[in-house]
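Report on one structure; see the data block that follows.
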Amino acid sequence: MTGNMANANKSTATAESLAKLQRDISVSEFFLKNRHLLGFDNPRKALLTAVKEAVDNSLDACDESGILPEISVDIRQTGDKRFCVAITDNGPGIVRNQVPKIFAKLLYGSKFHRLRMSRGQQGIGISAAGMYGQLTTGTSTVIQSKIKTSKKAHLIEVQIDTRANKPTILKDDELDWFPQFFPTDANGKPKQPITARHGTSVTIEMEAAYIRGKLSVDEYLKQCAIVNPHLQLHYRIRLSGPAPDEDSETSTRKAVPAKTAAGKGDATSAAPQATKSPPLPQPSDEVPWITFARAATTLPKQPTEIKPHPHGIELGILMQMLKDTQGKTLKSALVHDFSRVSDRAAVEIAQRAGLDPKSRPTHIAHRESEALFKAINETKLMRPPTDCLSPIGEEAIMAGLKKEIEADFYTAITRGPEVYRGNPFQIEAGLAYAKPGANADLNAEEPVRILRFANKVPLLYMGGACAINKAITGVNWKSYGLTHPRGSLPVGPMVILVHMASVWVPFTSESKEAIAHYPEIIRETTFALQECGRRLSVYLSRRRRQAEMERKKNYIELYLPHLALGLRQILDLDDRQEKTIISKLHRMLERTHLEE
Amino acid sequence: MAKSKKSQSVSVAAPQLISKRDASSRIVGVANTIHQDIVKKNARPRMRFPIRSLSNVKYDPKKGHFEILNKMSTRTLSYNTVKTFAQSMRLLATIKRDLLDKNNIAGKREVYYNSKSWGECRFDEQPESDSLLDDMEAMLAVNREQLGFIPEERGGEVTGPLVVIDRQPGSHEEIRINCEKLGTGAWSIPSQVEHLRFESKAKFILVIETASLFQRLVHHRYYETANCILISMSGVPTRACRRFIRRLTDDRKIPVLVFTDGDPYGYCNIYRTLKVGSGQAAHINQFFCVPQAHYLGVTPQDIKEFDLEDATHPLEELDIKRAKDALKNDPFIKHHKEWQAVLNQMIEMGVRIEQQAFAKHGLNFVFETYLPRKLKKGIFLP
C-alpha cells in the first residue's frame with residue numbers, strides 16, 4: 001500500500017519503477033489485512049462474530065418479510081482450533097443469483113444505501129466471515145436456500161476472490177431441502193421437530209476457539225433472545241474436548257474437511273459428552289439442543305425508510321448527493337433527496353448560500369457546495385421524522401428479561417425519539433434486580449452486568465469505550481440505593497439493559513462493538529437510566545421496609561413468650577392462659593407496628 | 001455547738017417495713033393489672049413508674065428531705081419496649097418466687113447472673129439489670145432491701161466513742177461492738193442497719209468524704225480530742241451509710257457535721273444526698289436522709305480565711321456545669337440562699353479545694369487548727 005503514497009520529489013526513474021508497484025487495492029484485500037476492524041482479531045472473537053453476522057442477517061430478513069423468526073445455531077468442533085458453524089433460518093430465502101454476491105462480495109447488500117433501522121448496516125459482515133473461514137481453513141462457504149415460490153432449494157459453495165472482491169462459485173446444485181429445527185422444552189427434552197417451507201442455511205468452517213463466559217456465543221445468543229422475544233432460537237455446540245477452556249496449543253490440522261451443509265451435521269466427530277439419549281430424530285450420541293423459547297408472537301413494528309436529514313450530513317456526502325440527484329434544480333434536489341426540507345426552506349438555504357435555487361445541482365462547484373453546506377447548517381429545519389424507528393418496547397424488554405434472567409424486580413422504559421446529527425434515534429433501558437444471593441449469576445459484591453444493544457444486536461466487546469457504559473457510570477446510583485464507586489460501574493445483583501435504535505448507529509469501528517460518545521445519546525441514555533433507577537429505589541425501599549417489618553416481628557416473637565412466662569409464674573396461670581396472652585399480644589403488636 | 005432548730009423539729013418515723021408477704025402481693029397486683037389489660041381490655045399493657053430525677057422531687061424543709069412528686073412515666077408495651085417488658089416480668093417472677101416466697105436474699109450482681117438462664121431475655125450487662133431493678137423498686141414503692149436484695153457497695157466506716165449493739169447471724173446472740181477499741185482499723189457499716197442499737201456519749205458526729213483524711217484523724221485519735229464519732233463515706237454515701245447516720249443521730253440526738261472537698265460535687269452530690277436524699281431514689285428518701293446534717297467545710301470562704309488560695313485547682317468545665325445545674329434545678333439549693341451564695345462565690349473565684357489542702361500549713365493543721373476553729377465558731381451551712 002506504500003505505492004499509493006509515492007512522492008513527486010523523487011527522480012523520474014524511481015517514480016516509474018514505483019508506478020509498476022502501484023495498483024488497486026481491493027476492499028477484500030484491505031480487510032483481509034485489517035481483519036480486526038471487522039471483529040476477527042482472535043479465534044475466540046472470530047467464532048462469535050461469524051455467528052453474530054449470520055444471526056443478524058437472518059433476523060433482519062425475517063423481520064422485513066414479516067416472518068416470526070426461527071433460527072438454529074449449530075457449532076461443531078472439527079479440529080483442535082477448528083469449528084464448523086451452521087446457521088439456519090426460516091427467512092424468505094435468497095434467489096439463486098444473489099447468493100454468491102451476498103456471501104462472497106464485501107460491501108454488497110441492501111442496507112448501506114438507505115436510512116432504515118436494521119441490524120446490519122454495511123453489508124460486510126457475513127462475507128467477511130466467509131472470507132475469514134476461507135483464509136484460515138481453505139474451505140468455502142456453503143449456502144442452502146429455498147424460497148417460497150420454487151420447489152427446489154439451491155446448494156451453492158462460494159469463495160471470495162480477494163483481489164477482485166468477487167465471488168468464485170465452486171458448486172451450484174439444486175436439491176430437495178427444507179430448513180429443519182429441533183426444539184426442546186424447558187427441561188431439555190426434545191419436542192417435535194419443525195420444518196419450514198423456506199429459509200436459508202449458511203455453513204462456514206473456520207479457525208476459532210470456544211470459551212464460555214461473558215464474551216461467548218452462548219451469552220450473545222442469550223442476549224439475542226432477551227431483546228427479540230419474538231425469536232425462537234435453537235442452539236447447540238459439540239466440542240471434541242470436555243472443557244471449553246483456554247486453548248494452549250495452535251496445531252491447526254487441515255485434515256478434516258468441511259462437508260456439513262445443513263444444521264443437522266453428520267455424527268463423525270460428535271462430542272464425547274454424555275447425553276440423555278433422546279428417542280426423537282436426533283442421533284442418539286449428539287449433544288442436545290437448547291431452545292430459547294419465543295415469548296411473544298407479535299412481530300415488532302416495521303421500521304420505515306427515511307431520507308437523510310440535512311443537518312446530519314457531511315460535506316463530501318452532500319457533494320456526492322448533488323452529483324447523483326435526479327432533481328433538475330438545486331431546490332428540487334434539496335426538497336426531494338432530504339427529509340424535512342420544504343420549498344420555502346430550500347429557497348432560504350439557496351439564498352443564504354448565495355446560489356440560485358434554479359441552478360443545476362450537478363453544476364454546483366466545490367466552493368459553492370461548501371457555502372451550501374454552511375447555509376444548510378445555519379438554516380432552521382424541522383427535526384427528522386422519528387416514526388421510522390422500531391423500538392423493542394417496554395413490555396417486550398420486560399418479557400425478555402423475565403424469560404432469561406431470574407430476578408425479583410424488573411422494569412423497562414422506552415424514551416421518545418431524539419436526534420443526533422440529523423439521525424433519529426431512540427433509547428430504551430431495562431433493569432432486572434435480584435435479591436442478593438438469590439441468583440448465583442448476579443453477585444451482590446460485583447459490578448452490575450450490562451447488556452448493550454444497538455438495533456437489537458447485542459454488543460459484547462469494548463464496553464469500556466461505549467457511550468452506554470459512560471452513561472451508566474455517570475448516573476448517581478447511590479441515590480437509588482445501590483453502591484456506586486466513584487467513576488466506575490455501580491455494584492449490585494443487577495442487570496442493566498440499554499438499547500439504542502437508530503437509522504444509523506454511530507459505532508466506533510466497523511466491528512460494531514461500541515457506540516460513539518455523542519452527547520445527545522449519552523443524555524437520552526442517562527434519562528432512561530434515571531427513570532429506571534427511580535423505580536428501582538421505590539422497589540428497594542419497599543423491600544427494606546418489608547425486611548424491617550419482618551425483623552421487628554421476629555424480635556417481638558422472641559420476647560413475648562418470656563413476658564407470658566413471667567406472668568404465668570407470678571399469677572400461677574395454666575398453659576391455655578399463657579398461650580392466650582401470647583396470641584393476644586401478638587395480634588396487638590402486629591397491628592401497631594404494621595401501622596407504623 | 002450551735003444546734004439548728006430545724007434539725008430538732010424534724011421527726012421521722014422509722015422506715016415503714018412492709019412484710020415479704022406484702023411485697024409479694026404487690027407484685028401479684030402489678031402482674032394482675034397487666035394480665036387484665038391484655039385479656040379483658042384487649043389493650044397493650046402498661047407499667048407506671050414515678051419519674052426518678054430531680055425534676056420530680058420537691059424539697060420540704062419541714063420534713064427535711066426530697067419528696068417525690070407524682071410525675072409518672074408510663075412504659076407501654078411496644079416493639080421498642082417488648083424486651084424490657086419481658087425482662088420486667090421475669091424479674092418480678094424471680095423476686096417473688098425465689099426471694100420473697102423462699103425468704104432468700106441476693107446481690108444485684110447475682111440477679112444479673114441469674115438472668116443468664118432466661119435465654120434471649122437475659123441481661124447483657126449488669127447496668128441493665130440494676131436500672132430495671134430500680135424501676136421495679138419505684139413501681140412497687142418498696143426499697144430493694146425489702147425485696148431481698150443486698151447492695152454490693154460498702155456502707156462506710158465508723159470509729160469513735162460508740163458502742164453498736166448487733167446480733168450474730170443465725171443465733172441472734174446479742175453482740176456489742178466498741179468502735180473506740182478497734183485498734184488501727186474501723187467498723188464497717190453493714191447493709192442492714194435497722195436492727196442496730198447504740199450507746200454513746202459523743203457530742204457530735206463528724207462525717208468525712210475521703211478515707212485518707214479519716215484515717216489520719218483516727219491515727220491521731222481526733223475522736224478522743226473532740227469527743228465525736230468519725231464516719232468516712234468514701235464519696236457519695238450509700239443508702240446503708242445514710243440510714244446508719246440517720247438512725248444514730250435520731251437515737252443519740254446529737255448533731256451531724258459534714259466535711260468534704262470544697263467543690264460542687266462535694267456540696268451538691270455528697271452533702272446534699274446525705275442530707276435530703278437523691279433525685280434518683282426519691283421514693284425512699286424519707287428513710288435515707290439525714291435532715292439533721294450541717295455542712296462544716298471546706299467552703300469558698302475558708303479558702304480566703306485560711307490563706308489557701310495557692311492550694312486550689314481551677315474549676316473544670318464539668319464543675320461549673322454542675323454548679324450551674326444545681327443553682328437552676330436542685331430544689332434543695334434553690335431553697336437555701338446560703339448555698340446559692342456559696343456556689344456563686346465558688347464560680348466567681350473559679351477554684352475548688354481539697355480536704356487535704358490544709359497540709360499547706362503543716363500536716364496536722366487540719367485537726368489542730370482548722371476543725372477546732374470551725375467548731376468553736378459554730379457557724380455551719382444548712
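Taken together, the values in this text are just the output of simple stated rules run on the coordinates, not laboratory data. The structure displayed is predicted, hence computed values, not measured ones. Here Cβ is always computed from backbone atoms with ideal geometry, including for glycine, and neighbour counts include all displayed protein chains.
Please report the projected area of region B:20-150's Cα convex hull averaged over all directions, in nm².
9.2
Once the convex hull of the C-alpha atoms of region B:318-382 is built, how many Å³ does it hold per residue, rounded to a whole number?
99
What's the percent breakdown of Cα-Cα distances in region A:543-595 across 5 Å bins, shortest bin first?
The calculated distribution, bin by bin, is 5, 20, 26, 19, 13, 9, 5, 2, 1.
For B:N364, what charge total do you get from the other residues with a beta carbon under 14 Å from its beta carbon, if Lys and Arg give +1 and Asp and Glu give -1?
Net local charge, B:N364 excluded: +3.
Starting at 0 and stepping by 20 Å, how many percent of the alpha carbon pairs of the protein assembly as shown end up in each bin?
The distribution over the protein assembly as shown is 11, 25, 18, 13, 17, 13, 3, 0, given as percents.
Students often forget the sequence filter, so: which lysines lie under 17 Å Cα-Cα from A:K301 once same-chain residues fewer than 8 apart are removed?
Result set, ordered by chain and number: A:K456.
Just checking the output field for A:576-584: average partner chain Cβ neighbours within 10 Å of each residue's Cβ?
2
How big is region A:431-521 on each of its three principal axes, counting only the C-alpha atoms and giving the largest first in Å?
The Cα atoms of region A:431-521 stretch 39, 25, 18 Å along the principal axes, largest first.
Label A:E378 and A:A438 with points 7 Å out from Cα along Cα→Cβ: what is the distance between them in nm?
6.0
Taking R0 as 56 Å, what FRET efficiency do you get between A:K33 and A:E557 from their Cβ-Cβ distance, rounded to the nearest 0.05?
Once the sixth-power term is evaluated, E becomes 0.15.
Which part of region B:292-335 falls in the paramagnetic zone of B:K360, meaning amide N under 18 Å from the point 7 Å along Cα-to-beta-carbon?
Backbone N within reach: B:297-316.
Along the charge dipole of chain A, pointing to its positive end and built from +1/-1 on Cβ of Lys, Arg, Asp and Glu, which listed residue (A:S583, A:I169, A:L563) has its Cα farthest out?
It is A:I169, whose Cα lies furthest towards the positive end.
Lys/Arg Cβ at +1, Asp/Glu Cβ at -1, dipole of the protein assembly as shown taken about the Cα centre: which of B:T84, A:G487, B:L140 is farthest positive-ward?
Positive-end residue among those listed: B:L140.
About the Cα centre of region B:154-377, how large is the charge dipole given +1 on each Lys and Arg Cβ and -1 on each Asp and Glu Cβ? Please answer in debye to the nearest 20.
The calculation lands at about 680 debye.
Can you flag which of A:K151/A:K189; A:K45/A:K435; B:K334/B:K377; A:K152/A:K512; A:K307/A:K402 are past 29 Å Cα-Cα?
Flagged as over cut-off: A:K151/A:K189; A:K45/A:K435; A:K152/A:K512; A:K307/A:K402.
Could you run the Debye sum over the Cα atoms of region A:310-378, one equal point scatterer each and no solvent, and tell me log10 of I(q)/I(0) at q = 0.22, 0.23 Å⁻¹, two decimals?
Computed log10 I(q)/I(0) values: -0.85, -0.94.
What does the structure give for B:83-95 when I average, per residue, the other chain Cβ atoms found within 10 Å of the residue Cβ?
5
Local charge sum around A:I126 (other residues, Cβ-Cβ under 9 Å, Lys/Arg +1, Asp/Glu -1)?
-2
To make sure I understand the rule: partners must be lysines, Cα under 19 Å from the Cα of A:K191, and not fewer than 8 residues away in the same chain. Which ones qualify?
A:K264, A:K276
With runs of 4+ DSSP H residues as the only contributors, calculate the mean residue ellipticity of chain A at 222 nm using -39,500 (n - 2.57) per run, divided by the residue total and rounded to the nearest 500.
-11000 deg cm²/dmol
So what is log10(I(q)/I(0)) for region B:154-377 at q = 0.08, 0.13, 0.18 1/Å, when the Debye sum runs over its Cα atoms only?
Scattering profile of region B:154-377, log10 relative to I(0): -0.29, -0.75, -1.35.
Within 10 Å of each candidate Cβ there may be at most 12 other Cβ atoms; applying that plus a DSSP loop requirement, which chymotrypsin sites (Phe, Trp or Tyr not before Pro) in region A:153-227 survive?
Counting only loop positions with at most 12 other Cβ atoms within 10 Å, none of the chymotrypsin sites (Phe, Trp or Tyr not before Pro) in region A:153-227 qualifies.
What are the membrane-span-like helices in chain A by this rule: whole DSSP H runs, Cα extent along the axis at least 24 Å, mean Kyte-Doolittle hydropathy at least -1.0?
Going by DSSP H runs, the hits are A:43-65, A:519-571.
B:K71 label point, 7 Å along Cα→Cβ, cut-off 14 Å on backbone N: hits in region B:250-292?
Backbone N within reach: B:279-283.
In Å, what is the Rg of the alpha-carbon atoms in chain B, and how long is Dmax?
That works out to 22.6, 74 Å for Rg and Dmax.
In bins 5 Å wide, starting from 0, what share of all Cα pairs of region A:409-478 does each bin hold, as a percent?
Whole-percent P(r) values from 0 Å outward: 3, 12, 20, 25, 23, 11, 4, 3, 1, 0.
Quantify how strongly other chains surround peptide B:29-38 by giving the mean number of their Cβ atoms within 10 Å of each of its Cβ atoms.
4
So the label point goes 7 Å from the Cα of A:L215 along Cα→C-beta, right? Which residues of region A:483-498 then have their backbone N under 20 Å from it?
A:489
Return a whole-number percent for the relative contact order of chain A, with Cα pairs under 8 Å and 6 or more residues apart as the contact set.
Answer for chain A is 12 percent.
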